[in-house]
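Here's the structure, in structure tokens; my notes come after.
The values are calculated or read from the model by the stated rules, or taken from the named source; none is laboratory data. Please read all numbers here as calculations on a predicted model, not as lab measurements. Cβ placement follows ideal geometry from the backbone for every residue including glycine, while neighbour counts extend to all protein chains displayed. Remember, those area values only see protein heavy atoms, side chains included, never the ligands or the DNA or RNA. Shrake-Rupley method; radii C 1.70, N 1.55, O 1.52, S 1.80 Å.
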Amino acid sequence: MGASDGQERYEGNQEIRRQEEQDAGERLEPRVGEAPQGPPRSRPYHHPAAGWGAAKAVTQFLVREREVAEGTRAMLKMNHENGGFDCPGCAWPDTEGLALDICENGIKHVTWEMTGKRVTRDFFARHSVSELFEWSDFELEDQGRLTEPMVYDPGTDHYVPISWDDAFALFGDTVRGLDDPNEAAYYTSGRLGNEATFLYQLMTRELGTNNQPDCSNMCHEASGRGLQASLGTGKGTADLKDWETTDALFIMGVNAASNAPRMLTTLAQACRRGAKVVHINPLVEAGATRTIIPHEFLRMAMFKSTRTSDLNLQPRPGGDMALMRGIAKATLELAEKDPGAVDARFVERHTTGFEEYKALCAATPWQEIEHQSGIPRAQILKAARVYRDADRSIISWCLGVTQHEHGVDTVREIVNVLLLRGNLGREGAGPSPVRGHSNVQGNRTCGIDNRPPQEFLDRLAEVCGIDPPREPGLDVVGVIEAMNRGSVKVFVGMGGNFALAAPDTRYTYAGLRRCELTVHVSTKLNRSHLVHGRRALILPCIGRTEKDEQAGGLQRTSVEDSMAMVHLSVGMKKPASPHLRSEPAIIAGLARAALPDSATPWEWYVEDYDRIRDTMSQVLDGFEDFNRRVRLPMGFRIRQPARELVFLTPSGRAEFGTAPLPDVVPAPGTLVLSTIRSHDQWNTTIYSDNDRYRGVENLRTLVFMNKEDMKERGIAPFDPVDITATAKDGSVRSLNGFLAVAHDMPRGMAAGYMPELNALISISDYSTQSDQPLMKHLKVTVTATADRVVHPVAQHA
Ligand SMILES: Nc1nc2c(c(=O)[nH]1)N[C@H]1C(S)=C(S)[C@@H](COP(=O)(O)OP(=O)(O)OC[C@H]3O[C@@H](n4cnc5c(=O)[nH]c(N)nc54)[C@H](O)[C@@H]3O)O[C@H]1N2
Ligand SMILES: Nc1nc2c(c(=O)[nH]1)N[C@H]1C(S)=C(S)[C@@H](COP(=O)(O)OP(=O)(O)OC[C@H]3O[C@@H](n4cnc5c(=O)[nH]c(N)nc54)[C@H](O)[C@@H]3O)O[C@H]1N2
Ligand SMILES: [Mo]
């Protein structure tokens, strides 16, 4: 069908969506992405990932953000051994000595923060909150950097300027007026540096609550819990050196080309030196074929790409656990004739539960494994062969594994497979989850945890002289429910965009709107500022790229990457406005206002972050001598017992998991919907409506489907469809006017973009294992939108 035809349908259906919202008397965000720059289009992408397509995209982006000179300079400073700032784009580790370890999306991300555009008090005077609510999320962030603290004025429905002191006082008075400290909740988005993180958790615990929802609750909670149960550590044990020396890499449920682009270099280099790379993803993503390595200019100029894959397996959504079970079963079957297939010595010395697991594998029929994984036995045997032939293997994963009902069991099954061949505690081997936000792992390490371990609290009490609450606090799902019940009345967002990132958009909006006070510490204007409590504050902070000057001079903050390396980051740019404060300074201000008699030296800490680090070194495991070690050229790796084959599990050994395979096959007529990111977005920040590697242009309100599933439903490409999700609690949510796009993916699956699809995720749709919302596993039906003539005037007459 013609593209202009598609455009008409698209506009028609935007109208249907508007109409239905009016009828429902409720409003979601009007639109997330930018205004269409042309008709929606989709065509297959046949080029390698990265390379000149990325270079062109970067140039266009720098020009748009008016940051060509600064942007270019920034690229050259990023991710240098302690010389520059840490790229806030993702948590992939830095490469030692590499001069240009950058990627298209990292550059976009940094430039987005360094934009020359500003949101001033005049801007807020011109636009009421109700008016801004009608803007798209793209337009909101596109206004540029926030410049001074603002408070919501209900009389005029505008944000108006407020001094820092008055802002802190408003927070302090409100919090001190609560009946119970647990009536406040403190969200963390994974950007916050380690020092600010430590102060933030200290403040909430000194106030008396563990209500510390964080983005991990939506991201890698399952990885933490699975690894903890199996190995007694919440983190992966492999680091970048291991990636560079391993014989086989299994990459599960990650869209590396878009979300961890620097991984592509490692994958390409692995293929070159003869290591095997197996991708496990229902979609064959761009990074799972070929790439152009960005710093290899000559090859880049000649369009020479490098292979990044030996085998691609396309499981059904949630089929990963069955696939891992299949690899384990095949390995155990091999071992009957080939004793080297299983590392019996390792299993005997370091693990427990092997016999039970072996029996479980034997008792799981191949037929069930094939059915649940969606992968034929022959393919599973191929993967098992790669695994057997590799002396050392790494299994890596991201959200495709974690955001499922059985995420924890799946992570444990991954560890089971690794244990069989002793892929732990030696170079080139181990589990390696890919974290999302650049410091989400550091947030947990430094104390953000709604279920803190008692030993940590003991240490905190002793070193900081506070009496921290002992009972667990609320996580993301719990806080949304509590706000709706009225039992949480103050919501503080330390970064992020909670309103849009959280599940069940309407319900989350309703909860935030019931609050007495909402406070957001942010760099840019976003939806969460517009879905606010009775009173609301926007507190603007400096970003990672900017100079943080305090009484003690220029400050550096530390972050921890996906592979437990902690290093310093120092900004180099003048802050976007002289009125901005650093996150540690803002937290100290909030803390002092809420705890006027606190013995914690808040102001003293902020003068010199070395002082915060000194306290942290006494509280946190593995942070001894923090100030010295963090200044080493590449920082330091946090000591990790499991890497040394010391297991802090109840048995003192690595524990095989023995969970039964769950049934993940969709009921007839239904599909499993997975919500994912496009190439041109950073979580709720949208750069454009394109998804280059999936060949999509000018369209975000789409649903990818297998073409047979489309045919069966009488849906042609770009036909408008209704997506209806049925939740665990039986409630039904739908979105209409999305356009169907055919994609290479298994039958029974649908996929589309977050955050647009978050409205479909019921608050009851979370995993009972991890408490994570089921962002990759919604039960939906997709049907062609019935022809409807929309005449708003006629209908209301
Ligand atoms: N440029 C950019 N970089 C980012 C982000 C961003 O938004 N933009 N976000 C950051 C954050 S916070 C995070 S957590 C990470 C997210 O990084 P990803 O995990 O790559 O994020 P998603 O886009 O959600 O993609 C999930 C992938 O899992 C696949 N998948 C879906 N269901 C299944 C399944 O059942 N099994 C398997 N094996 N695969 C499945 C999807 O096809 C997709 O390739 O990226 C970080 N980096
Ligand atoms: N359906 C669905 N929903 C999802 C997901 C999914 O896969 N599917 N993924 C989930 C995941 S993995 C995550 S991590 C969450 C992300 O959730 P969040 O972390 O809450 O969201 P972000 O979009 O990353 O936040 C963007 C905002 O952060 C602010 N910001 C940027 N830099 C800074 C800074 O340096 N300091 C401060 N204080 N603020 C800053 C800006 O104001 C910007 O508007 O979304 C989750 N939601
Ligand atoms: Mo994330």
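Brief remarks follow.
- In this structure the amide hydrogen of K276, modeled in the peptide plane, comes within under 5 Å of the amide hydrogens of A248, L249, none closer than 5 places in sequence on its chain.
- Taking all protein chains together, K358, K108 sort by accessible area into K358, K108, largest first [probe 1.4 Å].
- Per the Debye formula on identical point scatterers at the alpha carbon atoms of region 221-433, with no solvent, log10 I(q)/I(0) at q = 0.12, 0.17 Å⁻¹ is -0.58, -1.18.
- Close amide-amide hydrogen proximity is noted between R290 and A49, T308, each under 5 Å apart and 5 or more residues distant or on a separate chain (H modeled in the peptide plane; Pro and chain starts excluded).
- Other residues within the sphere of radius under 10 Å centred on the Cβ of A362, judged by their own Cβ, net out at +1 (K and R +1, D and E -1).
- For S651, solvent-accessible area (1.4 Å; no DNA, RNA or ligand), Å²: 60
- For region 221-433, share of DSSP beta bridges that run antiparallel, in % to the nearest 5: 10
- With a cut-off of 11 Å between beta carbons, the residues surrounding N259 carry a summed charge of +2, where Lys and Arg count +1 and Asp and Glu -1.
- Shown in residue order for region 474-480 are the 3J(HN,Hα) couplings computed by the Karplus curve 6.51 cos²θ - 1.76 cosθ + 1.60 at θ = phi - 60°: 8, 9, 4, 4, x, 5, 4 Hz (x for Gly and Pro).
- For a label point 7 Å along the Cα-to-beta-carbon line of V284, residues of region 662-700 with backbone N under 19 Å: 692-696
- Residues R176, R485, sorted by accessible area with the largest first, give R485, R176 [1.4 Å probe; ligands and nucleic acids excluded].
- The calculated P(r) of region 659-797, using every Cα pair and 10 Å bins from 0, goes 11, 39, 33, 14, 2, 0 in percent.
- Among L399, G253, Y200 the positive-end extreme of the charge dipole of the chain (Cβ point charges): G253
- Debye log10 I(q)/I(0) at q = 0.21 Å⁻¹ for region 491-536, Cα point scatterers: -0.59
- Positive end of the dipole of the chain (Cβ unit charges, origin at the Cα centre): among G224, P717, M494, the Cα lying farthest that way belongs to P717.
- Basic side chains Lys and Arg get +1 at the Cβ, acidic Asp and Glu get -1 at the Cβ, and with that the dipole of region 221-433 about its Cα centre reaches some 640 debye.
- Globularity ratio of the chain, using Cα Rg and 2.2 N^0.38 Å: 0.91
- Members of K235/K728; K235/K329; K524/K573; K276/K337; K524/K574; K707/K728 lying beyond 22 Å, as alpha-carbon distances in this model show: K235/K728; K235/K329; K276/K337; K707/K728
- Per residue, the chain reaches -10500 deg cm²/dmol at 222 nm when only DSSP H runs of four or more residues are counted, each adding -39500 (n - 2.57).
- Inverting the pair-averaged 1/r between distinct Cα atoms of region 135-193 gives 14.4 Å as its Kirkwood hydrodynamic radius.
- The share of accessible area on the chain that comes from carbon and sulfur is 51 percent, using a 1.4 angstrom probe.
- Antiparallel DSSP beta bridges within the chain, percent to nearest 5: 45
- Modelled spin-label separation between S163 and H579, with each label point placed 7 Å from Cα along the Cα-to-Cβ direction: 1.3 nm.
- Extension reserve of the N627-E134 stretch, reckoned as 0.36 nm per residue once the Cα distance is removed: 172.7 nm
- Out of every Cα-Cα pair that region 444-526 contains, those further apart than 22 angstrom amount to 37 percent.
- Farthest toward positive dipole pole in region 221-433 [+1 Lys/Arg, -1 Asp/Glu at C-beta], among S373, C271, P339: C271
- Cα-based Kirkwood hydrodynamic radius, region 170-318, one decimal, Å: 18.9
- The listed residues T684, T783, once ranked by accessible area (1.4 Å probe) with the largest placed first, stand as T783, T684.
- For R637, residues with placed amide H under 5 Å, excluding near neighbours: V566
- Per residue value of the accessible surface for the chain (all protein chains in place, 1.4 Å probe), Å²: 35
- Cross-link pairs K358/K776; K711/K779; K489/K779; K241/K547 - those with Cα-Cα distance over 25 Å: K358/K776; K489/K779; K241/K547
- When you restrict to C-alpha pairs under 8 Å that are six or more residues apart and normalise by the size of the chain, the relative contact order lands at 21 percent.
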